[in-house]
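Report on one structure; see the data block that follows.
The values are calculated or read from the model by the stated rules, or taken from the named source; none is laboratory data. Worth saying up front: this structure is predicted, and the values here are computed from it rather than measured. Here the Cβ positions follow ideal geometry from the backbone for every residue, glycine too, while neighbour counts run over all protein chains shown. SASA here: full protein model, heavy atoms, side chains in, ligands and nucleic acids out. Shrake-Rupley method; radii C 1.70, N 1.55, O 1.52, S 1.80 Å.
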Amino acid sequence: MKPVPTFRWTLPIATPVSTQPIALGADYVVHSLTKYICGHGDALGGAIVVRDHQRLPELRRVLVHQGAALHPFAAWLIARGLETLPARMRVHEANARAAANFLRSHPKVAAVYWPGLESHPQAALARRQMRNFSGLLAFTEKADGAAIARQLAERLRVFAYAVSLGKTHSLLFYIPTDDILRTSFQLDPPGAASYRSVDGDGLFRVSLGLEHPEDLIRDLDQALA
């Protein structure tokens, strides 16, 4: 029997600066080039990396039908971003650490989820697999998350209240649990209950950009006040 290939998604969050799944045993790695690797929110792209070049023919057969041609200008934009990726990821991580430490001590915040925090339930696993904890974190509120979301959307000045992640600009957005369970996750009732036990009625996803950390903290502080 042929061995089943091992797939590992780095997604846009870890980036190859942080995690190299082939070294952890993966046969295929799928990278989002759109997020941190591009880094500026101005191009769409992806990449598939294989451990064994003998797997390339079967991959090519799939890509013939799925499409594999990256727009030349998008390729140029992504290559431009790749040049600064290691330096940018250091700043993203440092800003995320500053924001996570601020938020977990804020009286309105119930919990902060970022793998660089010792309080994260998978902090030990993250340390084994990641050399950079990236700039993406989430937090939940003790009060009405939807009401706090409206407040943040109105008050934030340095952050943009918007979706996406991995850009030079810091972004924040509220994701209601009911919406994510209805549109994205196909969970049975026990699974949905487990999800709610962590996220409550919703969580705020925060993508820390490259701004000065003091400006980011001041913005969060005044917007949550």
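Points to keep in mind about this one:
- Subset of region 158-169 [under 12 Å from the mean Cα position of the chain (by Cα) and either at pLDDT 95 or above or under 18 Å from Arg88 (Cβ atoms) (or both)]: Ser164, Leu165, Gly166, Lys167
- Among the residues listed as Asp221, Asp179, the single one being in a helix (DSSP H, G or I), at pLDDT 95 or above and farther than 19 Å from Gly41 by Cβ: Asp221
- The single condition among (1) modelled with pLDDT of 95 or more; (2) assigned to a loop (DSSP other than H, G, I, E, B) that Leu187 does not satisfy is (1).
- Top-ranked residue of region 135-170 - restricted to ones that are closer than 18 Å to Asp42 by Cα and among the β-branched types (Val, Ile, Thr), ranked as least open to solvent (accessible area, probe 1.4 Å): Thr168
- Residue selected from region 132-150 under the condition in contact (Cβ under 8 Å) with a residue 12 or more places away in the chain and in a helix (DSSP H, G or I), by the criterion nearest to Val198 (Cα to Cα): Gly145
- Some residue of region 153-174 being without any contact (Cβ under 8 Å) to a residue 40 or more places away in the chain and in a helix (DSSP H, G or I): yes
- Here is the figure for region 193-225: residues that are surrounded by 15 or more Cβ atoms within 10 Å (Cβ to Cβ) and small (Gly, Ala, Ser) total 5.
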